[in-house]
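Values quoted throughout were computed directly from the atomic coordinates according to the rules given, and no laboratory measurement underlies them. This one's a predicted model, so the numbers in the text were calculated from it and none came from an experiment. We place every Cβ from the backbone using ideal geometry, glycine too, and count neighbours over all the protein chains shown.
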Amino acid sequence: MKDSDQLAALAHQLGQWGLKWLPERPEYSDGLHLRVRRIKREDPESLPLLFRQAVDAIHKEFGVQALLAAAGYYCLLQSRGLPIIHNREQQQESRVGSMLVTICSGMLALEGSTQSNAVLMTRLTGQLTRTLPVEDCEAFLGELYSSPSFSRETEYGYLRPTTNQLCEVLASSWDPAKDQPNADALLNAEWNCAFEWTDKYDSTEQFSSCQLHAESLQPLFLKALYHAISNGALSYEAYSQLADIDSYLVTDSKFIYHSYYGELDKPLTEQQTILYELMQRWIWDRYKALDLPPDMAQGTGDDAYQYREKHLSSLERCSGFNLPGMGWLVQTCENIERLGLGPKQVNAESYDKLASMFCNFARFRCFLNGEDLQQLTARLKDFKPATLWLVFPFSGKAQKAILSLLKAEVLTPFNEFMAQLVRDTPYNSQPQVHAFDNSESETSGVVDLQAFNAAIEGIPEKLIKTYFKSLKDSKLGYTRAVYLCEAILGTNRTALEKTIDKHNQIALKALGLLPIKDESEAVKRYTTLRRIWKECSKYGAERQANTRASVAVGLKNLAQRAGYPDVARLEWDMESKLSEATAQILTEQSIGEWIVSVEIVGLKSNLLVQKAGKALKSVPAGLRKFPEYNALREQMKELDDQARRFRLALENMMCLGDTINPEALAKLSRIGAVSCLLSNLVGIDDDGQLGLINAAEASLAALAGNVDINGNLRIAHVEDLYQCKQLSAWQRAIVEVGKVQPFKQVFRELYVPTPAELDSSPKSHRYRGRPINTSVGYRLLQSRGWNSYGSEGDCVCRKMFVMAGIRAYWSFPGVHHYFSEDDVQIADTIEFFNADGVMAIADVPSKLFSEVMRDADLVASVAVVDDEGAYWSTELSETRIAVVSEVMTNLGFENIFTEGHFLYVQGRRAKYRIHMGSGNIHIMPGAYLCIVPQSEGKTNPIYLPFAEGDRKATEIISKAILLTDDDRITDSSIIRQIDEAMNA
């Protein structure tokens, strides 16, 4: 290396050259962003233009001394002749100085020579040994620099180059074979310097420089280690000396990536194998010799915690390498008993180094050659039962041996059941526990009671308690799974029932699992869950969705516990029992001098009042004073709630093709709200007969007259009506008799696979590229039973059809962390899966395909990003045309007809065209007519044949009625527009 004076002169010369050369570059104003750790992997041609130009210019200016000049400028801060930190009085000089540091670091990393590396090594030595003056070495700028971008969390708050930056450059260019003295100095820890370090929280600790900078120094140490190994010059003692400082210095990252079975991902080279064996030997020696003072091992105070952090950090890091062999588990048991440790010191949730280390070393993955189960059992047999229970949850494939030693083999089936309950693989050394956290899933927390009872049969109660305690103490995430199991056994009944009114979500899931004493208790539990479903509407959207999902899980568990095949049958029976007390609500009754009765229209109950045989338009004030009237109003609220709940159940039954046998139909007829809902729906029996359902008489009101239901009954899907060629007839019949269906049935949109979809199968591209307003779209999807899963380009919305064994996936590849993080997402393809994998579109059941596409169409048409992105599908158009046409015809209007997406109205003054999607009106041949709809509360209600809101259909019908009698319009603005159009 040249003497320091010459190096300082080169550094100053480079600084002055840069001050003249850089500002003249066109790219100078754009800045220069360059990361050294990336450039060694990049094609030099892809590097920033300004950087490449600067390197060429430096070589041209300095010739053979170019790299020495760069090294001198980079390392000799006081010799640069430019500000070391930003100076407001020297803006340009500061900018040039910073850019030159970036250029020099990249140049040295790409082209570093023996001489330039020697300069870098000299500076690195000075920084590690703390021999450079503080103003020249990694000084924190603190108050000297007030820019908010400089903070203790970033290296930019320190003088450059930092130790990390020096190591990045040298990792790319330094060769220990050409620099043996520095390689030896590294391996002998000659540069390791003890000092006090004050962290960003102003806490002072004793450190050493190699320990503090272990992550940055690791690449240099590994180069030196492999060089020494290739020369046969690395001893175990030398390795141990470095590992004792910090194991990270001497650990190749390739050793870390073991599988759960203790195998390395890739074979090691001969040199790597030697280093790996040295690492394992060091870990074993240090773990076997582990001996902490009792107060430091068992203590919970700050002193004990800091002691363990300092003394165990290096060993704890190595415990996570998934090392194979039974010795680690055996040694863990020995250390636990020798140090007197318990659950507080051995649990997976603790951030304490001791707890983390013991959990990791207890994970038994596989035997080494020559080891077997008999040997493992023999080596574990002398440990205390408490110790074995402590390590049991972590011990993976050793669990059977431990249960045998504990004389608890009877737990084996139940232990396997618990692994399946938390969605893990039995005997997994690295359990992937599904912890039943609060979520929108309606399956998370559903327990298979039949499997539970089979697995737990014959296990003593005391042993179960011990087993549950072991799982909970491990903090592996089993706590909620154990809670569900304890509910099945009834051991946590009191604690569970205390938290129900607080809407604790795991308690809601577990409520259905508690043992049932009698029928009345099942009814009470059912009403409790339904009450909470209603009460949670006061919460925000996320908690409301999570709570209702928990209620749904609780109902599924209750259905099992009460002996029902599914939740629908549970609801029928429970509601039937509850309805017996209020059956008279739908029959006429006398209150004072009035006769009152209740009817359900759509999903809402209406009160009908008569006096002296005459129907009244409103409820008289005198009637309102009777207590019976107030009681009736409360019953009507319950009836409305019941109708809303069963609407969804009945719609799902229609979509899935569920059948109702005669016994179930008789039960449904006793549920007032359900009987009314069914009377507005078209059913189809085993003989294919179609008709409006009369549940009480088990008959169908067909188009040609009443017929008895033969066999089982289904709620007809629109596809059934279409296939029978009776769709139009039933649409007309429903409107003629003024039926209001609880959901769209005969006017339901029907979707069939298009030729393009059959060609692109198994993916449907029907909605690909549609922008979706996420806040609106996700609420719509949730309301239709969809949930979002995944992130970072792998996000899908999924809908489960459990009975059919089919899942629908709608992908949204632009999602980062969660679906509604961004305001807009772009929809992608839709696919269907069953147990065998992805399904061809032609193989998807037609009703199920139609329902999935209907959901997607709803989102694409409603959750639009802006008016210009309005979407209107053929299916939506055809359905609205059918609704508007039937309603207008039934009202007696003959001067209308439909064509394409338009409704044409012949008025007395002009002819009009109304778009079925937007409701926009044009006076033929093309003049726009602006008619602003009145607010909903100021208009007379317009009949629609279904309870689902369709404001646009209502608006179109209202406009059509107005325009048929356009000579009676009194609004001056509308008259003026018509006159101008006709006179144009």
Candidates per trypsin sites (Lys or Arg not before Pro) in the range 389-466, loop by DSSP, up to 13 other Cβ within 10 Å:
Lys407, Arg423
Sites Ser520 and Ser618, calculated FRET efficiency, Cβ-Cβ separation with R0 45 Å, nearest 0.05
0.65
Above 24 angstrom, tally the Cα pairs of the range 586-710 and express them as a % of all pairs, no decimals.
39
With axes computed from alpha carbons, what is the tilt in degrees of helix 4-21 against the longest principal axis of the chain, rounded to the nearest 10 within 0 to 90?
40
To test your reading of the geometry: what angle, between 0 and 90 degrees and rounded to tens, separates the Cα axis of helix 461-474 from the longest principal axis of the chain?
60
Rounded to whole angstrom, the alpha-carbon centroid of the range 270-298 lies from that of the range 526-554 at a distance of 52
Going by the alpha-carbon gyration tensor, a ≥ b ≥ c the square roots of its eigenvalues, is the chain rounded (a/c under 1.5) or, if a/c is not under 1.5, prolate (a/b greater than b/c) versus oblate?
oblate
Taking the chain and counting helices only, DSSP H stretches of n ≥ 4 at -39,500 (n - 2.57) each over all residues, the nearest-500 ellipticity at 222 nm comes to -14500 deg cm²/dmol
Over all directions, what mean area does the Cα convex hull of the range 415-463 project, stated in square nanometres?
4.4
Arg35-Ser760 FRET efficiency (beta carbon distance; Förster radius 41 Å; 0.05 resolution):
0.45
Please go through the range 577-667 and write out the trypsin sites (Lys or Arg not before Pro) that DSSP classes as loop and that have at most 15 other C-beta atoms within 10 Å.
Lys617, Lys625
So how far apart, in nm, are the two label points at Val776 and Val824 if each is 7 Å from Cα heading toward Cβ?
1.3
Inter-probe distance in nm under a simple model that places probes 7 Å from Cα toward Cβ, at Lys60 and Asn453:
8.9
Relative to the chain, whose Cα atoms define the longest principal axis, helix 327-339 and its Cα axis are tilted in degrees, nearest 10, by 80
Please compute the Kirkwood hydrodynamic radius over the range 235-315, one decimal place, Å, based on all pairs of different Cα atoms.
14.4
How far, in nm, would the chain grow between Arg543 and Glu111 when pulled straight, counting 0.36 nm per residue and subtracting the alpha carbon separation?
149.7 nm
Hey, what's the Cα Rg ratio for the range 755-869 versus the globular rule of thumb, 2.2 N^0.38 Å?
1.01
Using the basic label-point model (7 angstrom from Cα toward the beta carbon), what is the Asp5 to Tyr305 distance in nanometres?
5.7
Go through the range 32-126 and name the GluC sites (Glu not before Pro) that are in a DSSP coil and have 16 or fewer other Cβ atoms within 10 Å of their Cβ.
Glu42, Glu89
May I ask you to derive the FRET efficiency for Val740 and Ala804 from their Cβ-Cβ distance with R0 = 30 Å, giving the value to the nearest 0.05?
0.50
The long-range amide H neighbours of Val824, using H built 1.01 Å from N in the peptide plane and a cut-off of under 5 Å, are Thr774
Using the Kirkwood radius built from alpha carbon pairs, what does the Stokes-Einstein equation give as D for the range 874-983 at 4 °C and 1.567 mPa s, in µm² per second?
91
Arranged from highest to lowest average of other beta-carbon atoms within 10 Å per residue, in what order do the peptides 300-307, 69-76, 509-516, 321-328 appear?
69-76, 509-516, 321-328, 300-307
Below 12 Å, Cα to Cα, which aspartates and glutamates can Lys502 reach? Residues fewer than 8 away in the same chain don't count.
Glu535
